[in-house]
Ligand code: HEM
Ligand SMILES: [Cu+2]
């Protein structure tokens, strides 16, 4: 065996050649992501129990402190560490390639860990109570901004390594034809990451200098550039999530890609039109003209929405087609009924698509409308919306793929597998209840990021509709159920990785998703009957569009009630 060959192993399930450094870098980043999720999850429960007015757990200063911890640990550290693992997977593993200059990957990892630790230290010690957005003139300790900058530089290096791996794989001919769709999606995520991180540098470096007293900082300029970072980074999450949808569809049930060109074009739309969507965060800001707001939040922005709608069709349609060509052809939905619902990778995938589309997508487009935004801005409707996208959608997809990463990359069985199979159900149902109730409470005007909506001790009296107490109670129950699901996820994955049983030689007895032992069979050869191959999905899409129209219309009604004339 040559030295180069010795650093690769061949995955018995997928046949991919896995470079040992890719293996190790994926593991390290996945572990860091899980630790961040644990910190963010503990913070979630504390914040939730404070917003549940009946419990009202934390005092005011700790509420804002822990809310900052929650936002940063989840949306930055958990999600981005995980995405680093996804980038290594989508490049080196998917293309059978080595990671060029792996020491750079490790240097980046150390930078990111040091940055994250600095930020956590500043937050927990009460020197950065500025919330996730750190809007100027709120001022944190300079080390907080420095920590974010270090973390971002690390992420930028990993993105560079991703592109370098694509080049090396091409030059060393480690794959045939064009790159797989998952890699292509990863590449769009990486391109958006570069755009995002440049905005990040443009806003955090001056803010760092400002926190040292070296330069002035304008709050409106800060908001404009910060959202170039804040919104675009959500698009990295979406691109990574959609790539995982395609990956999981293929791994779990042998979903097909109906039309490579369409799926790839949709990814490109994300790259082209995403930055302008940042404007939907500035719709009530006084500094920008209505023309600027309308242009940036309608017309071209909908091309990015279109991209999500395309994937929202092609992913389930590819799953349906994959099942139908393997014989599940009865009626509209046999393909869905007979799907492997006990495979946590599959259930996560389906719930992620549904929650992201129905809850996240519909509310997002509605609240991002220039006129409607005025009744949604800074209410509970906003965190209601983004917990559907980034938690029910992205985080859940990430969880689902972990049940494949543990056996395929870590070579371990999944600890407490029966519990792991229930995990996506707890998380998805909990998150659905939580985000719907949160959004609904926001419709009554309940503010986001508010320590005490009973306004006790305030010089004026303010009262919400009495229904609000009940709705927030429902939200809390949903949030706790989701937290239970998150806790089970952490328990199963950490236990598997550190104390889990290795995959046995006779894989039949292993506690892992069934598709790992019996990958979906090759579909029967011969011509495929194309008629009705996606008819079930078309029905689901029609339901989706009706919900969309209904919600959009109701919101214009609500707006007109606010603007009653005469
Ligand atoms: C069981 C899981 C979770 C629960 C119960 C939960 C709960 C909450 C609650 C109650 C808030 C406060 C809303 C407010 O007062 O305005 C919040 C804010 C937030 N959450 Fe979560 N969350 C969960 C998971 C996540 C995840 C996985 C992410 C990101 C990937 C996330 C990102 C955020 C962000 C960015 C904020 C806003 C922070 C801010 O306003 O500065 N959450 N969450
Ligand atoms: Cu946005």
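No value in this document is a laboratory result; all are computed from the given coordinates. Note that the coordinates shown come from a computational prediction; the quantities given were computed from them, not determined experimentally. Neighbour counts run over all protein chains shown; Cβ positions are idealised from the backbone, glycine included.
Measure out, as a whole number of angstrom, how far apart the alpha-carbon centroids of region 277-351 and region 98-115 sit. The two parts, judged by their Cα centres, are 33 Å apart. Note the angle between two axes, namely the Cα long axis of helix 79-88 and the longest principal axis of the Cα atoms of the chain, as a number of degrees from 0 to 90, rounded to the nearest 10. The angle comes out at about 20 degrees.
Helical runs assigned H by DSSP (4 residues or longer) give the chain a calculated mean residue ellipticity at 222 nm of -21500 deg cm²/dmol, each run adding -39500 (n - 2.57) before division by the residue total. Taking label positions 7 Å along the Cα-Cβ direction at both residue 11 and residue 334, the computed distance is 3.2 nm, reported to one decimal. Mind checking the angle between helix 301-324 and the chain's longest principal axis? C-alpha axes, 0 to 90 degrees, to the nearest 10. Taking the Cα atoms of the chain, the angle to 301-324 is about 40 degrees. In the chain, the convex hull through the Cα atoms has an average projected area of 28.0 nm², a quarter of its surface area. Separation of region 1-60 and region 414-462, taken as the distance between their Cα centroids, equals 24 angstrom. Taken along the Cα-to-beta-carbon direction at a fixed 7 Å, the label points for residue 419 and residue 561 span 4.5 nm. Counting other Cβ atoms within 10 Å as a rough exposure proxy, the listed residues 499, 82, 288 run 499, 288, 82 from fewest neighbours to most.
Here 183, 329, 443 are placed in order of increasing Cβ neighbour count within 10 Å, fewest first, which gives 329, 443, 183.
The mean sequence separation of alpha-carbon pairs under 8 Å and at least six residues apart, normalised by the residue count of region 17-179, gives a relative contact order of 29 percent.
The stretch between residue 217 and residue 490 holds 94.2 nm of extra length on full extension. This uses 0.36 nm per residue minus the Cα-Cα distance. The residues 51, 171, 139, 223, when put in order of fewest to most other Cβ atoms within 10 Å, stand as 171, 139, 223, 51.
If you fit an axis through the alpha-carbon atoms of helix 535-562 and take the longest principal axis of the Cα set of the chain, what angle between them do you get, 0 to 90°, nearest 10? Approximately 10 degrees, to the nearest 10.
At full extension, residue 138 and residue 171 could sit 6.9 nm farther apart than now, given 0.36 nm per residue minus the alpha carbon distance.
Shown here is the pair-distance distribution of region 369-475: with all Cα-Cα distances grouped in 10 Å bins from zero up to the longest one, the shares run 13, 33, 25, 16, 10, 3, 0 percent.
Based on Cα contacts under 8 Å between residues 6+ apart, region 410-504 shows a relative contact order of 57 percent. Normalised size of region 17-179, defined as Cα radius of gyration per 2.2 N^0.38 Å with N residues, equals 1.22.
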